[in-house]
Amino acid sequence: MNTERQTNPETNEEADKRKWLILTVVVFKVIMDGLDGSMLNIALPTISQSLGVTSGAIIWIVSAYSITTSTTVLFFGRLGDIIGKTRFYMIGISIYALSTLFSGMANSLTTLVIARVIQAIGAGCTMANSQGIITMVFPQHLRGRALGIYGGAISLGTLAGPTIGGLIVVHMGWQYIFLTKVPFAIIAFVLGLKYFPKDEPSRKETMDYPGALLYTIAIVSLLYAMQEGYAIGYTSVVILSWSAMALVAATAFFAMQRRKAMPLLDLSIFKNPLYSVNVLTAFILSFTNSFRGIIVPFYMQGVLSIPADVAGLYMSISPLLVLFITPISGYLTDKVGGERLCLVGQFINLIGLLLMATLAKDSPVMVMVLYFCIISFGAALFQAPNNTLIMSSLPKEKLGIGGSVSMSTRNIGMSTGIAFTTAILYGGMSSVLGYRVTGYERGLGQEDAFMFGMRNAYLIASLICTIGIALSLARIIKLRKQART
């Protein structure tokens, strides 16, 4: 008896230590994900010139990644529930490391896009199961803090990315944006092997492969139509055909999911209004915040004539704020709950979006940075409580699918936001210039047209953000009414 009393505290201490080590591994990979997007965005103008393609075409190295993660995250989350989250997480890191190496060796847009698709498959494996793993190993009273650190890790990658990316582009070459991440992916793999828990699938279920195929067709068709519509024309036969394919596939997918005993997408999770509304507001925030990564690099390097390394430094300032605020937001979520924090974050984000619409071609760069900080502050307040509300509303056996639906929704929000931004930006430029524009090139007198398109994009983003605020208010009012009865 005495021996047991002496060993139990040690066992508990080791278990507690392992939880934080597991979080460290997840955070390590998330930092790489944040670096991937932010480093690449600052390099888009340089890669466009290097590969000899337009700014409209180069967007595909971003879109291909986001479209692929959007279509694979749900699939891999479901597989994580069936045969193990750890297994797919480790497979994902392996794929990510190899494809990142191939991306750095690409010498054409086509090969780079293909490498990015493979890279996104690896990222999809880890994204689909990261929040589920965190929720599984952390108890309720620590979950908000852990997910807050997880959100802060994304911000850390976003913080360092523009500065590091700008320096790499100027002094080493854009290829090293990918090559420098390969050793870190290997380190994450080794740490994962050592610390991740063994898979213990609790259910014997089958994968809904027909549903996965229909889901993929629907998402890819929709996002392709949105992405290419601005260049080809939204009323063209090609775009209408892709749109029709998306509609048919989506209709068939949801009809199939309602009938299947073991569907790819368990629609029952949406019966919980807390889960549904928080996922939808996360989609809206991802949608509106994707505008910055596409528009701002060309605004700074093209309109304001700021070098890539300096532009990267400026873009790193606002994520620094997120790095500090997100863990605090997670702590406050554990103490006071997440509903009000989410709403305050959305309001602040709206203010920042509206301010971005006021920028001009001669605005001081620090004014833009200030507006960035306002947007980032709102996003930081929103992220941790939103993640906690989503994951805490799910039963244990639904953590994988619920977390992957949440992540997939965010990725779809980013993908549709990129396509929408491109359409509004170049559509606005075309209306000003009097001819169809599919890209922005510095020195051709397109600055006024670019600013017109940019302003329209941020005004529409503000309107969409307002819809998210209305949803959050409606949810809070409903919860208060239920509490009184």
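The values are calculated or read from the model by the stated rules, or taken from the named source; none is laboratory data. Quick caveat, the model's predicted, so the values are computed rather than measured. Quick reminder, even Gly has a Cβ in these numbers, built from the backbone with ideal geometry, and neighbours come from all protein chains shown. With ligands, DNA and RNA removed, areas are computed over all heavy atoms of the protein, side chains included. Shrake-Rupley method; radii C 1.70, N 1.55, O 1.52, S 1.80 Å.
Averaged per residue, the chain has 41 square angstrom of accessible surface, using a 1.4 angstrom probe with ligands and nucleic acids left out.
Simple spin-label estimate for V367 and L179 gives 4.1 nm between the two label positions (7 Å along the Cα-to-Cβ direction from each Cα).
Note on exposure: V137, V344 ranked by accessible area (1.4 Å probe, complete protein assembly) read V344, V137, with the most exposed listed first. Considering only A97, I317, L265, and ranking their Cα positions along the charge dipole of the chain that arises from unit charges at the beta-carbon of Lys, Arg, Asp and Glu, the one farthest toward the positive end is L265.
Can you tell me how segment 229-281 classifies by the Cα gyration tensor, rounded, prolate or oblate, using a/c under 1.5 as the rounded cut? Taking the square roots of the gyration eigenvalues as a ≥ b ≥ c, segment 229-281 is oblate.
If you take the square roots of the eigenvalues of the alpha-carbon gyration tensor of segment 249-354 and sort them as a ≥ b ≥ c, do you get rounded (a/c under 1.5), prolate (a/b over b/c) or oblate?
On the way: a/c = 3.07, a/b = 1.58, b/c = 1.94.
Oblate, since a/c reaches 1.5 and b/c is not below a/b.
Which longest run of the chain has no exposed loop site in it, a site being trypsin sites (Lys or Arg not before Pro) in a DSSP loop with at most 12 other beta carbons within 10 Å, and the site itself not part of the run? Let's see the in-between values first.
Working: sites that count: K198, R203, K204.
Counting at most 12 other Cβ atoms within 10 Å as exposed, the longest clean stretch of the chain is 205-485.
Cα gyration tensor of segment 40-104, axes a ≥ b ≥ c as square roots of the eigenvalues: rounded (a/c below 1.5), prolate (a/b > b/c) or oblate? The shape class here is prolate. Output the 0 to 90 degree angle, nearest 10, between the alpha-carbon long axis of helix 365-392 and the longest principal axis computed from the alpha carbons of the chain. Between helix and principal axis, roughly 30 degrees.
Of the solvent-accessible surface of the chain, computed with a 1.4 Å probe over protein heavy atoms with every protein chain present, carbon and sulfur atoms account for 67 percent. Going 7 Å from the Cα of S430 in the Cα-to-Cβ direction, what parts of segment 209-233 have a backbone nitrogen less than 18 Å from that spot? Counting only backbone N, you get 223-233.
For log10 I(q)/I(0) by the Debye sum over Cα atoms at q = 0.05, 0.08, 0.09 Å⁻¹, one of (1) -0.21, -0.54, -0.68; (2) -0.28, -0.65, -0.76; (3) -0.18, -0.46, -0.59 was computed from the structure I shared and the rest are decoys. Which label? Computing log10 I(q)/I(0) by the Debye sum over Cα atoms at q = 0.05, 0.08, 0.09 Å⁻¹ and matching it to (1) -0.21, -0.54, -0.68; (2) -0.28, -0.65, -0.76; (3) -0.18, -0.46, -0.59 gives (3). Rounded to the nearest 20 debye, the dipole magnitude of the chain is 1260 debye, with +1 charges on Lys and Arg beta carbons, -1 on Asp and Glu beta carbons, and the Cα centre as origin.
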